[in-house]
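Heads up, the thing below is written out as structure tokens.
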């Protein structure tokens with residue numbers, strides 16, 4: 001019974017995701033038909049939204065900071081005894 005409910009929930013989630021993507025695509029297409037983009041605007045939209053090297057570097061910095069903080073908290077626990 002539990003497995004059946006899990007399958008139904010997964011199928012519903014996928015169907016909802018597909019429906020949302022279709023609605024978003026339809027909305028984008030309707031805006032493009034209503035107001036065609038100028039060549040400069042098209043060039044701006046084709047650039048990648050995120051730079052992967054930058055994201056990777058920030059992620060690594062956050063991990064290092066988290067590890068340093070965890071180490072500091074562990075040391076403070078031992079020093080209180």
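Some points to look at:
- Taking label positions 7 Å along the Cα-Cβ direction at both residue 68 and residue 22, the computed distance is 5.1 nm, reported to one decimal.
- Residue-span extension gain [residue 61 to residue 11] - 0.36 nm each, minus C-alpha spacing: 14.2 nm
Every number in this text was worked out from the coordinates using simple rules, so none of it is lab data. The shown structure was predicted, so the numbers you read here are calculated from the model rather than taken from an experiment. Reconstructed Cβ throughout: ideal geometry from the backbone, glycine too, with neighbour counts over all protein chains shown.
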